[in-house]
1. Considering only segment 212-221, state which residues are open to solvent by less than 60 Å² (accessible area, probe 1.4 Å) and either of a type outside the set (Gly, Ala, Ser) or modelled with pLDDT of 95 or more (or both).
2. Just for helices (runs of 4 or more DSSP H) wholly inside segment 1-64: which have at least 2 residues that are free of Cβ contacts under 8 Å to residues at least 40 places away in the same chain and over 22 Å from ALA106 (Cβ atoms)?
3. When you look at THR121, is it surrounded by 12 or more Cβ atoms within 10 Å (Cβ to Cβ), of a type in the set (Ser, Thr, Tyr) and at negative phi, yes or no?
4. I'm trying to understand the selection: among the residues of segment 131-144, which are surrounded by 11 or more Cβ atoms within 10 Å (Cβ to Cβ) and touching a strand residue (DSSP E or B) at 6+ places or on another chain (Cβ under 7 Å)?
Amino acid sequence: MGGVRPGPSTVAGLKWLARVGATPLGAWGIAMGWGQAAVYSHARRLRAESCLAMCSRTRGEGSLVYASRTGVRYAGVKAAAVERRPAPVTWPHCEACAWTAAWLTARGRGMVGPREMLVRTDWRGELRWRERGELRRRGHRPDLVGRLPDGQLLPIEVELTEKSSARLKAVLELHSEWIAAGKSAAVIYVCGDEEIAERVLADGAQAGLSVDRGTMRIELIATIQREAVEACSTLASTDWHLAGSRAA
């Protein structure tokens, strides 16, 4: 990388993007504690060095930014680079994962980001379920993992659309097994709406997971986004708007 090298703050922002993947500018700013002007400044520096790529979305929704392959390499993060521009069908999930990562970061929680999860084998499980009379198998990783100050690990699933009931139960049973084995303390589900949250809660009970027992936590993506903004210490000096940065 030639020319003036990015400063520590710019590199820190690049590392976060390399770990998380495609992210709205608002979520990136909240995670890093930057106002809009700072975000645009850091983005310009990274683009000038071919470390940042952008994906334009529908008018009014804003762009998604992500570390390029060069950016991931420069950041020195063990993460899968985003190899191609995210397809529109993936935008809501990318955005929700990014806001969840920002929620963790702004509140001082450690995490294993979505792009880091893709190169790790320790959080890969195998699902088995029956659907339409057929036995189905599929590998599964949580979307990201949060880390509490005491070291407890909390895998996080971002659930914006309804899975088949059998497949959802298979995922929940996997989390129940991980909790029983001491691999994780609980599972967090970030849901797109109340209907999905209620379904996860009901199927979780059948898998032995319970909010009351502390083995399951359910949040709505709108709540995650609002709490991330509230946790940002620079909120008073920013003019980020949630409208136009919808997560679902």
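The values are calculated or read from the model by the stated rules, or taken from the named source; none is laboratory data. A quick note: this is a predicted structure, and the numbers were derived from the prediction, not measured. Methodologically, a virtual Cβ is constructed for each residue, glycine included, from the backbone with ideal geometry; neighbour enumeration extends over all protein chains shown. Surface areas here come from the heavy atoms of the whole protein model, side chains and all, with no ligands, DNA or RNA. Shrake-Rupley method; radii C 1.70, N 1.55, O 1.52, S 1.80 Å.
1. THR215, MET216, ILE218, GLU219, LEU220, ILE221
2. 36-48
3. no
4. ARG136, ARG138, HIS140, PRO142, ASP143, LEU144
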